[in-house]
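Data block below; observations after.
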Amino acid sequence: MKNVKIGLIGFGTIGAGVVKILTENAEVIQQRLGASPCIGKIADLDITTERGVRVESGVLTTNVDEVLDDPEIEIVIELIGGYEPARSFVLKAIQNGKHVVTANKALLAKHGEEIFSAADEKGLGIGFEAAVGGAIPIIRSIREAFAANRFSAIEGIVNGTANYILSKMSDEKCDFQTALQEAQEKGYAEADPTFDIEGVDSAHKIAILTRLAYGAPISLEEITVEGITSITPEDIECAGEFGYRIKLLAISKYDGQAIDVRVHPAMIPVGHPMASVNGVLNAIRVCDDLMEENILVGHGAGSLPTGSAVVGDVMEIVRNSLVGAGTRVPAQSFQKTAPIPLKNMDEIESEYFLRFRVKDVPGVLAKISGILGNHSISIESMIQRGRDDNGKGVPLVMMVHRSNEKNVQDALIEIDRLDVVCGKSNLIRVEN
Ligand code: HSE
């Protein structure tokens with residue numbers, strides 16, 4: 001049986017998961033593949049910390065070139081994350097004729113074009129199933145299972161840390177900081193949790209999915225990104241009273257003319273299947289002209305779930321290579337990608353949940369509803385809670401009918417200038 005030598009760069013949580021899977025599931029992998037993928041070298045800056053997996057002597061190195069320049073290594077797995085030096089390592093691996101498997105969504109979202117064309121030129125495979133949704137086979141689904149479909153929307157919960165925090169705040173009524181700390185302790189959050197809670201990690205992932213689904217290269221800077229740091233326990237409670245859960249959604253919709261791509265917290269009805277996707281789980285909803293809707297749910301992070309996606313990609317590359325199929329499926333799903341215009345955020349329409357903090361005095365509601373009316377925004381329902389005992393105002397929350405984003409933003413600016421409004425108002429979009 002052919003041995004296929006693999007080089008691993010980055011021996012962290014996922015790297016250890018990959019080694020464990022290749023060792024403990026070696027028999028089933030060989031039975032399915034007819035070949036034996038084995039780790040030839042592992043490069044990491046730290047080669048002394050115990051990872052809980054057995055590695056043969058001489059395999060670990062702190063010198064990444066021992067992986068990149070080893071002529072026997074056919075596939076390089078990049079698991080260090082981030083833009084650089086990951087980009088340089090991946091490009092050098094390709095230059096040296098090696099296929100690449102990566103879980104690095106930041107890298108592909110930002111430098112995807114460069115990396116995919118370098119690999120195409122050399123006829124090499126790039127596997128990145130682990131980059132979006134961990135164990136959820138969303139890349140393979142879009143590229144292969146739904147290859148004939150015209151997509152109209154790809155959206156979902158693609159950040160486990162943010163979902164964990166919002167779920168915990170909803171179910172245990174705890175505050176943001178407590179929930180974030182627990183997510184970090186459990187190893188879900190990125191090294192810098194800002195990317196998770198500010199929506200950047202979700203933006204990386206939706207950029208990748210947008211490119212695959214519609215064949216449109218998209219630059220990260222064009223995505224409207226809002227995180228979950230402004231969500232308060234009060235928002236979550238009021239959302240519940242209106243029959244909604246708050247989730248951080250990555251949204252990419254295509255109406256045949258332009259793409260509407262954004263990341264922000266959204267209220268979804270409690271009865272929606274994604275409303276009950278909680279904790280670190282991810283869910284991705286795919287809509288198209290042939291199967292209408294499909295929701296894939298699974299573990300979006302973690303050593304073995306993400307490791308399984310990495311090893312699955314390795315096996316696909318080996319399978320292609322064993323039958324001389326080269327890169328059977330185009331990495332970016334389309335033979336050629338071409339730009340598609342993006343919708344300006346000002347143009348979108350949605351229902352909205354609005355939160356104000358107001359002085360508890362007569363006439364407040366008339367002033368606020370007057371401004372909303374002037375901007376063609378119609379109120380659907382509202383709740384005012386408590387009495388203003390400490391002079392800090394009372395929360396006033398309302399749901400408004402489908403409105404234009406720019407009208408809502410303009411109305412909020414005007415409302416925040418009222419002397420009866422204490423502090424900045426907040427909006428959460430509703431996705432039904
Ligand atoms: N930090 C990411 C998350 C890990 O929380 O989902 C997987 O990309």
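Taking the residues in region 110-133 that are under 15 Å from GLY81 (Cα atoms) and β-branched (Val, Ile, Thr) as candidates, determine which candidate is farthest from the ligand (Cβ to nearest atom).
If we take residues in region 110-133 being under 15 Å from GLY81 (Cα atoms) and β-branched (Val, Ile, Thr), then ILE115 is farthest from the ligand (Cβ to nearest atom).
Check ALA411, ALA331 and return the single one that is under 29 Å from the mean Cα position of the chain (by Cα) and small (Gly, Ala, Ser).
ALA331
Look through region 420-430, keep the residues that are touching a residue at least 12 places away in the same chain (Cβ under 8 Å) and outside any strand (DSSP E or B), and return whichever of them is surrounded by the fewest Cβ atoms within 10 Å (Cβ to Cβ). It would help to see each step written out before you state the result.
Going residue by residue through region 420-430, those that are touching a residue at least 12 places away in the same chain (Cβ under 8 Å) are 420-423, 425-430.
Add one more test, that the residue is outside any strand (DSSP E or B), and what stays is 420, 422-423, 425.
Details: VAL420: 17, CYS422: 17, GLY423: 12, SER425: 19.
So, considering only residues that are touching a residue at least 12 places away in the same chain (Cβ under 8 Å) and outside any strand (DSSP E or B), the one surrounded by the fewest Cβ atoms within 10 Å (Cβ to Cβ) is GLY423.
Determine, yes or no, whether ILE383 is assigned to a loop (DSSP other than H, G, I, E, B), surrounded by fewer than 18 Cβ atoms within 10 Å (Cβ to Cβ) and modelled with pLDDT under 95. Outline the logic, then answer.
On the way: assigned to a loop (DSSP other than H, G, I, E, B): no; surrounded by fewer than 18 Cβ atoms within 10 Å (Cβ to Cβ): yes; modelled with pLDDT under 95: yes.
No: the conditions fail for ILE383.
Restricting the search to region 202-220, which residues are more than 13 Å from the ligand (Cβ to nearest atom) and polar (S, T, N, Q)?
Listed by number, the residues that qualify are THR210, SER219.
What do you reckon, is ILE154 more than 16 Å from the ligand (Cβ to nearest atom), in contact with a Phe, Trp or Tyr (Cβ under 9 Å, 6 or more places away or on another chain), over 15 Å from LYS247 (Cα atoms) and in a helix (DSSP H, G or I)?
Working: more than 16 Å from the ligand (Cβ to nearest atom): yes; in contact with a Phe, Trp or Tyr (Cβ under 9 Å, 6 or more places away or on another chain): yes; over 15 Å from LYS247 (Cα atoms): yes; in a helix (DSSP H, G or I): no.
No.
Residues in region 156-165: is at least one in the same structural domain as GLY15 (by TED's automatic domain parsing), within 30 Å of LEU290 (Cα to Cα) and of a type outside the set (Gly, Ala, Ser)?
Of region 156-165, the ones in the same structural domain as GLY15 (by TED's automatic domain parsing) are none.
Scanning region 156-165, I find no residue that is in the same structural domain as GLY15 (by TED's automatic domain parsing), within 30 Å of LEU290 (Cα to Cα) and of a type outside the set (Gly, Ala, Ser), so the answer is no.
Only one residue in THR210, THR224 is polar (S, T, N, Q), at pLDDT 95 or above and farther than 29 Å from LYS424 by Cβ. Which one? Outline the logic, then answer.
Numbers: THR224 fails: farther than 29 Å from LYS424 by Cβ.
Being polar (S, T, N, Q), at pLDDT 95 or above and farther than 29 Å from LYS424 by Cβ holds for just one of THR210, THR224, which is THR210.
Being in contact (Cβ under 8 Å) with a residue 60 or more places away in the chain and exposed (fewer than 15 other Cβ atoms within 10 Å of the Cβ), is that true of even one residue in region 325-337?
Here is the first cut: in region 325-337, the residues in contact (Cβ under 8 Å) with a residue 60 or more places away in the chain are 326-327, 329-334, 336-337.
Restricting the remaining residues to those that are exposed (fewer than 15 other Cβ atoms within 10 Å of the Cβ) gives 326, 336.
Yes, region 325-337 contains a residue that is in contact (Cβ under 8 Å) with a residue 60 or more places away in the chain and exposed (fewer than 15 other Cβ atoms within 10 Å of the Cβ).
Among the residues of region 169-177, is any more than 10 Å from the ligand (Cβ to nearest atom), in a helix (DSSP H, G or I) and more than 22 Å from ALA266 (Cβ to Cβ)? Lay out the reasoning, then the answer.
Step one: filter region 169-177 for residues more than 10 Å from the ligand (Cβ to nearest atom), giving 169-177.
Pick out the ones that are also in a helix (DSSP H, G or I) and you get 169-172, 176-177.
Then drop every residue that is not more than 22 Å from ALA266 (Cβ to Cβ), which leaves 177.
Within region 169-177, one or more residues are more than 10 Å from the ligand (Cβ to nearest atom), in a helix (DSSP H, G or I) and more than 22 Å from ALA266 (Cβ to Cβ).
Mind checking which residues of region 189-201 are crowded, with 24+ Cβ neighbours inside 10 Å, touching a residue at least 40 places away in the same chain (Cβ under 8 Å) and near the ligand (Cβ under 8 Å from one of its atoms)?
ASP201
The values are calculated or read from the model by the stated rules, or taken from the named source; none is laboratory data. Since the structure is predicted, the reported quantities are computational estimates derived from the model, not experimental observations. So basically every Cβ, Gly included, is an ideal-geometry build from the backbone, and we count neighbours across all protein chains shown.
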